[in-house]
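Everything on this sheet refers to the single structure shown next.
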Amino acid sequence: MKRLCKTSQFALFALLVITILVFGVMNHDILSVASLYSLARTCTVPAIFALAIMVVMVIGELDMSYCMIGAFSSYAVFFALHEKSITKFPLLVIFLAAVGISIVLQLLNWFLIDQLHILSFIATLGTQTFLKGAILAFVGSSYIYDIPKSAVDFGTTYLLSASYKSGVATQLPLAVIIMIGMYVLMNLILEHTVFGRKLYAIGGDPDAAKRAGINVSQTRLIAFIIVGVICGIGGVVHNCLGRCSLPMPTDLVGQELNGIAAVVLGRGASQRAKGTVSGTLIGVLLLQFISNNLIMIGVPSYYQGFVTGLIIFVGLVTQTQIGSTLFSKILGKKGAVQ
Amino acid sequence: MKAIVEVQNLYKSFYGALALNGMNFTINEGEIRCLIGENGCGKSTLIKVISGFHSFDSGELIINNKRYEKITTAEAIAEGIQVIYQDFSLFPNMTIAENIMMYSTVAERKIHVDWNDIKASAKKILDQVGFEIDPNLYVAGLSVAQKQMVAICRAIVQKAKLLIMDEPTTALTTKEVQRLFEIVRRLKDSGVSVLFVSHKLDEVSQICDSYTIMRNGRRVFQSDVGDAKITNEEIVYYMTGKRYSNSKFTYVPKNDIPAMKVNGLCYKKAFRDIQFTLRKGEVLGITGLLGCGRSELAKALFGLITPTKGSIEISGKNVGIFRNVEEAIRYKIAYVPEDRLTEGLHLDQSIADNIIARIIRDYTNKAGIVNVKRLKKKQYESMNLMEVTGMIPGNPANSLSGGNQQKIVLMKWLASEPNILILNCPTVGVDVGAKSDIHNIIKDLAIEKGIGVIVVSNDNYELMQTCNRVLVMKEGCVVEELFIKDQTLDEFEMMTERAES
Amino acid sequence: MKKTAVRSFDPDVAKMLAITIVIFVIMVVLNGNFAKSSNLTSMCYQLPELGLYSLAMMMVMLTGGIDLSVVSIGNLSAILAAKIMKYATTNGFSGIKLFCFVILGIIVALCVGCFFGAINGLVVSKIKIVPMLATMATSEIIEGISIILTQGHSVNGAPEQFTRYGATTLAAIPYSMWILILVIMFTAFLLHRTRFGFEAKMVGSNPKASHFTGMNTSQVYTKAYLYSGVVSSICGIMILMRTNAAKADYAVTYVMQAILCAVLGATNPNGGHAKVTCMVLALLSLQFLSSGFNMMHLSSYFKEFTWGLLLIAVLALNFLTDYIRQKKGQHKAVQTTGSAAS
């Protein structure tokens, strides 16, 4: 417990637990297994995309285009299949194709940021705008409902299911495994491989990294490829779960900042690490839990934005110096959020 | 004697400008050599070429009897060349242990990170150097001296044969410097060569066996192990090609109202019960080891930190204590900060804008509108206060060298026509020539304009040159008041040391 | 304060001017009606909204921050103004009473801008939350309030006496364009002739040095966000005037477009550099692109495509010119100072 208190994510974790408890007291259904499955399901896609932006933030950059790239690559693949009226197609190839497109687009980002030294925030804002226009103007703007059967199957394969007291059933989709797998793998890469440490080193100080003998450009390149892979997978998973493909899914594009918020919330007060895998997951869980369950505790749906904003705000305050001193005072433990 | 690194006739240019102009340089095994030169003489370039950070155009680079046409950072590290840069090149977002082991982790080309191994090895090295600290702490929270120790540990782990240290003593207290030298001597005994790159002649001369002095990209002087030590004046001559004659500051006592009188000033643990008087036209030095509270005192006199107790009198009027900078500015106090890069200048803004940053408030009416015409006139006057080579008002401040940047900071404050000028380590990282200029400016201000000047510094030479009176601080208290008369530098040093101990 | 020797033309302005002219010429060549007054007038109706939001964004970016709440502040202002005006029209007020209500609506809207601008400023300067996240959170909260007030519906019913100014012109220039021109002039005045403008620039470039020079940095931040809030609510009022509708999520894409426009106009997101002239030129070139393609009956998405492309192209161009300048300039620097890059 003491060690847990010392981790920088503790404040956020406490906020999550408190939120869950408060919500749970107001509606016991929220503490049920069914609610957990529902949360896992809604978390899947945001969590994958949050992982992508986290990698970018670890190397000290920012990406405003990652959601658009995910949506773009997936839609492009489904659009091609739709045009050719192919209804049977191996899922793996769909994934690979989307990942391929996504990597190419992330390489464009890498080129702008690493080779042309453009500030990442601006460069990716440019790519985002440009891709948004490109997909709608040149590829297509219609919904695609006849996505291949393999993809539908993947989206509708459930591992477990449970139901609320009211009888409404919720299921735990297979895709959750992919999400968890990606988190475990990314955690391994970032915390236990030399490559992962190189990423943190570049995020810490690029010049020092160069002096340490790290090939900064090359390492960044691989990082952007990884981001591309994650975005590609995220895009396809999103479409499989939704059982249709649309060029600019509103629950994805325009939500870039929520992903960034999750990462920032997750890195805790210290801000030493630019992002951690576990923290990001907690950040996503918190944000999704709130938007998922507000209705269940009787808050009208149009209050949702307000409350979400408020909670993000509280989360941010706990990270500041003022917030963390306040927080440790409340807990009565010195250095609880070091 | 076996040479570790030998450089012959090395040329290197950046976009057509020669940074190394036929440089020759040798360092032998187990030697402590000092590389001296003014800013921009090419010594940083030389280090960067040897460590593989820059390529070179022509010439010979021989490391451990191996000729290199081109050397990468990784190869240089493999040859045992380790550089400790002034900023230490540490990763603030990582622990001490990981920082120490980072280079070897990268060099070993392994995939997996063995955390237990990293922690154990780091601990071993820390013990070996005699540096007691928890290796799991993050580097972001360490002091400068601690960061330097981490950087040294990292170099030792790499089995360094040649350790290059860029300005290693700048931010260290005397005690820490002694400890650093002890470690360096121990390294030398174990066969490691050390190359000191430094500005601080007196400190470096304690430890170096030999010197190489550079000017304009080439070697102008070299002494070897066993050669007689050369004097500071000699070194300055080789560095600049000019001879400087410095006259000491003389203060003619006047019996008028003191510019500033400080009564029983206290701040937390940093300093307590500070009592002194600063007269008009006087240059008062405040010295002491790093951490003695001198820097905090200077900040408190300028409202950057609010003292807990005490009061300040300005021109005979009790003004209490300053709660913020604006209050201090109202009483015409100027403050030249310790770190001009982060605290003194807006590097990416034009020199002209930097100069008016302070006085713009004096040329603003109540509605916040600036009287541009008058401000411009004042700005023009201020810019002609002192000579700055290569100053184009529209260029950004970072186009200037360190000494000239410091002059810009001075101009900014002098434009406000202060009654009291506080300078916190005014010549750190400033060339010998510019340093002498700045000293002369300080003296002129006191004599001609009757400004009360406070110089906070740990550079004894500087204090000797500019001050008529020096307060020595120790653990937050003023322990000694020294009057500068005809002491020699050595005598003065002994006096301050006695007071500090 | 533009103290620099402006004898030679500012290269950033020159570059942007050239780009704007090139785009204009291309558009005229592509369709002959482009330069006709009817098209120019219609552009004047479209331009001000993005223009005002971009100005708000620019001022905050000058201090090294960013304000993602501009659009939500604008919308909330518009909603409150619309509600007040609607109250007047539904109760059948007329004459001086109606006029008072219209004025009251405008004042309340401006107060909303002041209030949330100040909140943003205080959160950034006092609680010290990263501007991007702080304003993102306040943006969600403000939009949340708008949704709660309207339950997601749009509010209309502002009096015709008010909305007619959204569709009429004064001296052949729409009223909304006049508003934009006034705000641009005011902003330029603020940046070049006031202490605030100078301090905003200096604080954006190095907050610590500014503090050491005696500037009240948190006050500067607060003022910048305050400005942004007020300009946003002016924009909100203007939108209400033109469309006679206020909605919680009206034109949320303006946030990113405003950033794009500001950055295109040589604003440095790291703070310390902003040029009103450049930003106005950037605004014009974006408008030329979108109107031009619109006249060619290309989808509006094509506009976004070209905007993104333009931003990337300009940034790449900056890189190239910097690269060339460095190659040339290094020579000069060395000759004057005698020191090489070391």
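We did not get these values from a lab; they are worked out from the coordinates using the rules stated. From a predicted model like this one, the values you see are computed outputs, not experimental measurements. For neighbour counting, all protein chains shown are included, and Cβ atoms are generated from backbone atoms with ideal geometry for every residue, glycine included.
Computed log10 I(q)/I(0) for the protein assembly as shown at 0.04, 0.05 Å⁻¹: -0.25, -0.39, from the Debye equation with unit scatterers placed on every C-alpha and solvent omitted. Based on alpha carbons, the Rg and Dmax found for region B:366-426 are 13.2, 38 Å. Here the 3J(HN,Hα) profile of region C:31-45, calculated from phi with Karplus coefficients 6.51, -1.76 and 1.60 at θ = phi - 60°, is 9, x, 7, 4, 7, 6, 5, 4, 5, 4, 5, 5, 5, 5, 6 Hz, Gly and Pro shown as x. Each Cα pair under 8 Å and six or more residues apart adds its separation to the average, and for region C:36-319 the resulting relative contact order is 35 percent. The calculated 222 nm mean residue ellipticity attributable to helices in chain A amounts to -22000 deg cm²/dmol, summing -39500 (n - 2.57) over DSSP H runs of n ≥ 4 and dividing by all residues.
Excluding same-chain neighbours fewer than eight residues apart, the aspartates and glutamates reachable from B:K70 by a Cα-Cα span under 19 Å are B:E6, B:D57, B:E60, B:E79.
Amide H contacts of B:I454 (H built 1.01 Å from N, in plane; Pro and chain starts excluded): B:L284, B:L421, B:I422, B:L423 sit under 5 Å, all sequence-distant by 5 or more or on other chains.
Partners of C:K303 within straight-line reach, counting lysines whose Cα lies under 30 Å from its Cα and excluding those fewer than 8 residues away in the same chain: A:K84, A:K132, C:K15, C:K36, C:K247, C:K275. For region A:27-33, backbone phi angles converted through the Karplus equation (6.51, -1.76, 1.60; θ = phi - 60°) give residue-by-residue couplings of 8, 5, 4, 5, 8, 7, 5 Hz, Gly and Pro being listed as x.
Would you please classify the overall shape of region C:36-319 from the alpha carbon gyration tensor, given that a ≥ b ≥ c denote the square roots of the eigenvalues, rounded means a/c under 1.5, and beyond that prolate means a/b larger than b/c while oblate covers the rest? It is oblate, given that a/c is not under 1.5 and a/b is not larger than b/c. Taking amide H atoms as placed 1.01 Å from N in the peptide plane, the amide H of B:L35 lies under 5 Å from those of B:F196, B:V197, B:S198, B:T212, each 5 or more residues away in sequence or on another chain.
With Cα atoms defining each centre, region B:305-338 and region C:47-91 are spaced 43 Å apart in the structure. When shorter helices are ignored and each DSSP H run of at least 4 residues is given -39500 (n - 2.57), the per-residue value for chain C at 222 nm works out to -25000 deg cm²/dmol.
Which of B:K175/B:K299; B:K377/C:K208; B:K175/B:K254; B:K175/C:K126 have a Cα-Cα distance over 30 Å? Those over the limit are B:K175/B:K254; B:K175/C:K126.
What's the average, rounded to a whole number, of partner chain beta-carbon atoms within 10 Å of each residue's beta-carbon in B:380-388? Don't skip to the end; give the middle numbers.
Details: counts 1, 0, 0, 0, 0, 0, 0, 0, 0.
Across B:380-388, the average partner-chain Cβ count within 10 Å equals 0.
From the Cα gyration tensor of chain A, with a ≥ b ≥ c the square roots of its eigenvalues, which class applies: rounded if a/c is under 1.5, or else prolate if a/b is larger than b/c, or else oblate? Write down the numbers at each step before the final one.
On the way: a/c = 1.86, a/b = 1.09, b/c = 1.70.
Here chain A falls in the oblate category.
Percent of C-alpha pairs per 10 Å bin in region B:3-240, short distances first: 8, 32, 36, 20, 5, 0.
In this structure the amide hydrogen of B:R215, modeled in the peptide plane, comes within under 5 Å of the amide hydrogens of B:V220, none closer than 5 places in sequence on its chain. Legend: mean number of C-beta atoms from other chains within 10 angstrom of residue C-beta atoms, peptide A:185-192, equals 1.
Which peptide among B:74-80, C:27-33, A:227-233 comes first, and what is the full order, when sorted by highest mean count of other Cβ atoms within 10 Å? Show your work: numbers first, answer last.
Details: B:74-80: 19.4, C:27-33: 13.1, A:227-233: 27.3.
Those peptides, ordered most packed to least, come out A:227-233, B:74-80, C:27-33.
Left without a cysteine partner by the 4.7 Å Cβ rule in chain B: B:C41, B:C153, B:C266, B:C292, B:C425, B:C467, B:C477. Taking every residue in B:362-374 and counting other chain Cβ atoms within 10 Å of its Cβ, the average works out to 3. For B:K242, the lysines whose Cα falls under 30 Å of its own Cα, not counting residues fewer than eight places away in the same chain, are B:K12, B:K43, B:K48, B:K200, B:K229, B:K407, B:K412, B:K435, B:K443, B:K449, B:K485, C:K332.
Considering only A:N27, C:A188, B:V325, and ranking their Cα positions along the charge dipole of the protein assembly as shown that arises from unit charges at the beta-carbon of Lys, Arg, Asp and Glu, the one farthest toward the positive end is C:A188. Apply the a/c threshold of 1.5 to the C-alpha gyration tensor of region B:72-180 and tell me whether it is rounded, prolate or oblate. Cα axes put region B:72-180 in the oblate bin. Backbone geometry of region B:428-442 corresponds, through the Karplus equation with coefficients 6.51, -1.76 and 1.60 at θ = phi - 60°, to 3J(HN,Hα) couplings of 5, x, 10, 4, 4, x, 5, 4, 4, 4, 5, 4, 5, 4, 4 Hz, x marking Gly and Pro.
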